[in-house]
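What follows draws every value from the coordinates through simple rules; no lab data is involved. In this text, all values refer to a predicted model and were calculated from it rather than measured experimentally. Because the Cβ atoms are built from the backbone with ideal geometry, glycine has one as well, and the counts that use them run over all protein chains shown.
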Amino acid sequence: MRPVFALLPVILPLVVAKFHDMCACHSIKESGAKLKYDWELTMNNCMENFAGAAPYDHGLGNCVALPNFSIEGERFETDCYQLGVKDGFHPVDPKTGYMMGDKIIKVHWAEAKCHRLPR
């Protein structure tokens, strides 16, 4: 096997992956409800899975990639779903921005919306 072909499993996902500057989680909180932006789930996802690379921006309400970083959209969406539907996440005090207590919130569905910033 040639060395080039041996690298395909490593390189191909990087070529196919879509990278973004900012992402937010959207959720359906209860059966029959509509998909809506979920700032608490977004903030939890930023802090738990993207700390140091894409912190939560309170003004934009998104995880925003720091310079020299980007957010892989499929991973972000998977993390929104995992936190929102499977594991649950902490409520956030809207005044302080701090996560509150041991209570866990779960939603019926979660997905992500990501964007590139104009350059």
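List of remarks:
- Proximal lysines relative to residue 34, as straight alpha-carbon distance under 16 Å, when same-chain residues fewer than 8 apart are discounted: 106, 113
- Unsatisfied cross-links (Cα-Cα over 24 Å) in the set 36/86; 18/95; 29/103; 29/95: 18/95
- Likely footprinting exposure, 102, 38, 21, 87, fewest C-beta neighbours within 10 Å first: 102, 87, 21, 38
- Sorted by Cβ density within 10 Å, fewest first, the residues 31, 70: 31, 70
- Virtual paramagnetic centre 7 Å along Cα→Cβ of residue 104, amide N under 17 Å, in segment 39-55: 41, 44-45, 48-49
- When peptides 73-82, 50-59 are sorted by average Cβ neighbour count within 10 Å, with the highest value leading, the order is 73-82, 50-59.
- Gained length - residue 82 relative to residue 31, 0.36 nm times residue gap less alpha-carbon distance: 16.6 nm
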